[in-house]
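None of the figures in this text is laboratory data; all of them are computed from the coordinates on show. Small disclaimer: the values here were computed from a predicted structure and weren't measured. Here the Cβ positions follow ideal geometry from the backbone for every residue, glycine too, while neighbour counts run over all protein chains shown.
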Amino acid sequence: MTNYETEEEQLAALKDWWKQNGTAILVGISIGLAILFGWKAWQNHQKRITAEASIQYTLVLEALQDNNFPQVVSTANLVIDNYAKSPYAALSSLAKAKAQVALEELDNATTSAEQAVSLAKTDDIKSVSQLRLAQLHLNKGSYDAGLDVLGAIKTAQFVPQADVIKGDIYLAKGDKDAAISAYKNALDAKGAELTERLRVIARLKYENLAGKYEPSS
């Protein structure tokens, strides 16, 4: 580093250095502040969007509880159209699919369930959407499509539920052995429990085809 003998020399050197570098420093500071405040503004915007989506989704659920199925569809569409990047878009698609089943619009319900799969922001919501979609394929008789959807479910806690629906699909196809195997896989699942109600149903279906259920050792 250069040594300056007097304060005047130091001051002059500082002035020269500032002339050469001051503009760049100010620009850097300005950019840094813009990024900081821009990031905070973006965060606040995202919080506001999420809050608005939450309110609209609450209206979807209220309409569903009231069995106002046309209202469910219209409000769900509002959430999907305006808040597609929020987690409430996929949940609204699932609610819409349920309403459309009640309205006996199975093709539309299938489309809504497919939409839920594509909009899902978490593996759990995606898996639930896939289960719903597979069930709709079963109801429509689109058995292979249902099996394809179920085969894509990777979240461990939902695999036993997928196996139950697989059993239903295989049974509908007339493949008794495959149905038995699927039901047994669901009942034998380790570390991923079925609900008690679904476990009872799976066991009844298994035992109706294969006799008394014996857990695998």
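When +1 charges are put on Lys and Arg Cβ atoms and -1 charges on Asp and Glu Cβ atoms, the dipole computed for region 75-217 relative to its Cα centre reaches about 240 debye. Calculate the length of the line joining the C-alpha centroid of region 73-117 to that of region 120-146, in whole Å. A separation of 13 Å, based on Cα centres.
What pairs from Lys140/Lys166; Lys96/Lys126; Lys96/Lys205; Lys85/Lys126 go past 21 Å between their alpha carbons?
Distance filter (> 21 Å) returns Lys96/Lys205.
Using R0 = 25 Å, the C-beta based FRET efficiency linking Ala84 and Glu62 works out to 0.70.
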